[in-house]
Amino acid sequence: MLVSVWRGALIVCFICLGWKSAFPETSVLGKAPDWTHLEPFQGKLTGPEFEGILTRVYCPRKEWWAPWIVIEKDKARIRKEAGKDDWFDLSFRSTPASSVYPLPAWKSLKGMRIALDPGHIGGKYSEMEGRHFSIDGKPAVKEGDLSLQTAFRLEKILASKGAEVFLVRRVKEPVTSKKPGDFVELANRWAKDRGLEKLEKEEREKLLRKRREMLFYRVSEIRARARLVNESIRPDLVICLHLNASAWKDPDKKELVDRNDFHVLVNGCYMGGELAYDDQRFEMLLRLLSGWHRPEQKLADGLSVAFAEATGLPAFSYKGPNALKIGKAEGVWARNLLANRLYRCPVVFLEPYRANSKGAYGRIMAGSYAGAREINGIRRLALVEEYAQAVAKGLMNALNE
């Protein structure tokens, strides 16, 4: 999701963002990293290789990473804790290797362990999540429900081709055991740090409620999914299934928009404020040194080509500094998202269709059906079917099946 467009104007950006102090230390619900986990990568890269990957994929502006990473002739010095003179030294190799990060030996889908992560929760949580809208009293469009339907269909397609498929969730219920009420103290502390006591009681309580909800459905939920992926499933690849939407011109008078497009995301483009968090800085370096950027880009390219062919939609292009164009195909971008940062394996994050567009809405309302049907004057597969088939085709493209 580009911004909180499903919710429209209801969400306040600073509910989700903001540092705890001048030195934020760790991001929300994050833990201090164990820097010894980078020890196996000592001598893995030369200095130019390290800096090249850092700037091409993970942090394109030196002024963003320079306060936290000092590149010397034989090593990189990485600040372990914000505001402290405590460094992790990562040694460089002296000569380049012929292939530092060979692509995984995936020749086909057969035998691959693929985790499908249906975005959001859906069901009764969709309005809280801000991934819910209804027009003229018609059934509500819920992103979490659509992503789950896509995951079920994609599971069958990939399993038929020999892949071992896991769904991070199978129901319209959270993976996390936490509830919004578990974050009262954390939300109150957040409000106090920002001087929200000065606000009128009704406005302050509204912000506190939204903060508690956000900590539940966005942060705690994704961290719970990450634990499941990293500790139990341990897949070769995670595919995060989402749908996009456009901001309403008037949230009180919802009208379908013309724009409909797609894009594919991989991890990267950490900005300076994000690298100020110790855990995000560590996770970026772990991904860089693990070489996950190479299979991510190859898979993302294949998926982007497949979506363009299957949907006929144009590729979306970012304009701001929070995304970096990478890969060969149009529509492939690097962004630092919680899911594609925390899942410790290659991750591809999909954002096809704009659910509140004239082109997608009618197809969503048509639901599931066999074969092709004429919608808006064009014969099309059901949207979920098209989505699932495009993902499978994209993976096969990338694997040269």
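The values are calculated or read from the model by the stated rules, or taken from the named source; none is laboratory data. Since the model is a prediction, treat every value here as computed from it, not as a measurement. Heads up, the Cβs are rebuilt from the backbone with ideal geometry, glycines too, and the neighbour counts pull from every protein chain shown.
Answer yes or no as to whether Gly137 is of a type outside the set (Val, Ile, Thr), surrounded by fewer than 24 Cβ atoms within 10 Å (Cβ to Cβ) and touching a Ser or Thr at 6+ places or on another chain (Cβ under 7 Å).
For Gly137, the condition - of a type outside the set (Val, Ile, Thr), surrounded by fewer than 24 Cβ atoms within 10 Å (Cβ to Cβ) and touching a Ser or Thr at 6+ places or on another chain (Cβ under 7 Å) - is not met.
On the basis of being touching a Lys or Arg at 6+ places or on another chain (Cβ under 9 Å), among the aliphatic types (A, V, I, L, M) and modelled with pLDDT of 95 or more, does Ala392 make the cut?
yes
So which of Arg287, Arg281, Arg294 is touching a His at 6+ places or on another chain (Cβ under 9 Å) and part of a helix (DSSP H, G or I)?
Within the list Arg287, Arg281, Arg294, the selection yields Arg287.
Suppose the filter is modelled with pLDDT of 95 or more and surrounded by fewer than 14 Cβ atoms within 10 Å (Cβ to Cβ); does Ser160 pass it?
Yes: the conditions hold for Ser160.
The rows are residues; the columns are (1) part of a helix (DSSP H, G or I); (2) surrounded by 23 or more Cβ atoms within 10 Å (Cβ to Cβ).
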{"residue": "Leu299", "(1), (2)": "yes, yes"}
{"residue": "Ser304", "(1), (2)": "yes, yes"}
{"residue": "Ser317", "(1), (2)": "no, no"}
{"residue": "Gly320", "(1), (2)": "no, no"}
{"residue": "Ala334", "(1), (2)": "no, yes"}
{"residue": "Asn340", "(1), (2)": "yes, yes"}
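Being in the same structural domain as Met112 (by TED's automatic domain parsing), at pLDDT below 95 and surrounded by 12 or more Cβ atoms within 10 Å (Cβ to Cβ): is that true of Asp182 here?
Against the criterion (in the same structural domain as Met112 (by TED's automatic domain parsing), at pLDDT below 95 and surrounded by 12 or more Cβ atoms within 10 Å (Cβ to Cβ)), Asp182 does not qualify.
Under 9 Å between Cβ atoms, at least 6 apart or on separate chains: pull out the pairs that start in region 33-48 with a residue that is touching a residue at least 60 places away in the same chain (Cβ under 8 Å) and under 18 Å from Glu72 (Cβ atoms) and end on any residue that is surrounded by 12 or more Cβ atoms within 10 Å (Cβ to Cβ) and among the β-branched types (Val, Ile, Thr).
Trp35/Ile78; Leu38/Ile78; Lys44/Val100; Leu45/Ile53; Leu45/Val100
Looking at region 238-254, is at least one residue charged (D, E, K, R) and within 30 Å of Thr36 (Cβ to Cβ)? Can you show your working first?
Residues of region 238-254 that are charged (D, E, K, R), as a first pass: 249-250, 252-254.
Narrowing the set further to residues that are within 30 Å of Thr36 (Cβ to Cβ) leaves none.
No, every residue in region 238-254 fails to be charged (D, E, K, R) and within 30 Å of Thr36 (Cβ to Cβ).
Picking from Gly47, Gly83, Gly43, which residue would you name as being of a type outside the set (S, T, N, Q), touching a strand residue (DSSP E or B) at 6+ places or on another chain (Cβ under 9 Å), modelled with pLDDT under 95 and not assigned by TED's automatic domain parsing to the domain that holds Gly327?
Gly83
Scan region 308-324 and give yes if some residue there is assigned by TED's automatic domain parsing to the domain that holds Arg131, of a type in the set (A, V, I, L, M) and farther than 24 Å from Glu386 by Cα, otherwise no.
The answer is yes, given that some residue of region 308-324 is assigned by TED's automatic domain parsing to the domain that holds Arg131, of a type in the set (A, V, I, L, M) and farther than 24 Å from Glu386 by Cα.
Determine, yes or no, whether Arg79 is surrounded by 19 or more Cβ atoms within 10 Å (Cβ to Cβ), closer than 30 Å to Lys31 by Cα, in contact (Cβ under 8 Å) with a residue 60 or more places away in the chain and of a type outside the set (Phe, Trp, Tyr).
yes
Surrounded by 15 or more Cβ atoms within 10 Å (Cβ to Cβ), in contact (Cβ under 8 Å) with a residue 12 or more places away in the chain and not aliphatic (A, V, I, L, M): is that true of Arg234 in this structure?
No: the conditions fail for Arg234.
Which residues, counting only those in region 376-395, are of a type in the set (A, V, I, L, M, F, W, C) and either in a loop (DSSP other than H, G, I, E, B) or within 22 Å of the chain's Cα centre (by Cα) (or both)?
Residues of region 376-395 of a type in the set (A, V, I, L, M, F, W, C): 378, 381-384, 388, 390-392, 395.
Scanning region 376-395 gives Ala382, Leu383, Val384, Ala388, Ala390, Val391, Ala392, Leu395.
Which condition breaks for Leu288 when tested against (1) within 16 Å of the chain's Cα centre (by Cα); (2) closer than 17 Å to Leu237 by Cα; (3) not small (Gly, Ala, Ser)?
(1)
Checking the conditions here, which among Glu164, Glu155, Glu143 is over 21 Å from Val219 (Cβ atoms) and touching a Lys or Arg at 6+ places or on another chain (Cβ under 7 Å)?
Testing whether each residue is over 21 Å from Val219 (Cβ atoms) and touching a Lys or Arg at 6+ places or on another chain (Cβ under 7 Å) leaves just Glu164.
Answer yes or no as to whether Glu143 is crowded, with 21+ Cβ neighbours inside 10 Å and either at pLDDT 95 or above or touching a helix residue (DSSP H, G or I) at 6+ places or on another chain (Cβ under 9 Å) (or both). Break it down stepwise before answering.
Numbers: crowded, with 21+ Cβ neighbours inside 10 Å: yes; either at pLDDT 95 or above or touching a helix residue (DSSP H, G or I) at 6+ places or on another chain (Cβ under 9 Å) (or both): yes.
Yes: the conditions hold for Glu143.
Being in a loop (DSSP other than H, G, I, E, B) and surrounded by fewer than 21 Cβ atoms within 10 Å (Cβ to Cβ) is the filter here; which residues of region 346-375 pass it? Don't jump to the end; show me each part of the working.
Residues of region 346-375 in a loop (DSSP other than H, G, I, E, B): 346, 353, 355-356, 367-371.
Hits for region 346-375 are Gly367, Ser368, Tyr369, Ala370, Gly371.
Please identify the pairs in which a residue from region 253-271 that is assigned by TED's automatic domain parsing to the domain that holds Ala339 and crowded, with 24+ Cβ neighbours inside 10 Å has its Cβ atom under 8 Å from the Cβ atom of a residue that is in a strand (DSSP E or B) and among the aromatic types (Phe, Trp, Tyr), counting only partners at least 6 apart or on another chain.
Within 8 Å, the pairs are His263/Trp333; Val264/Trp333; Val264/Phe349; Leu265/Trp333; Leu265/Phe349; Val266/Trp333; Val266/Phe349; Cys269/Trp333.
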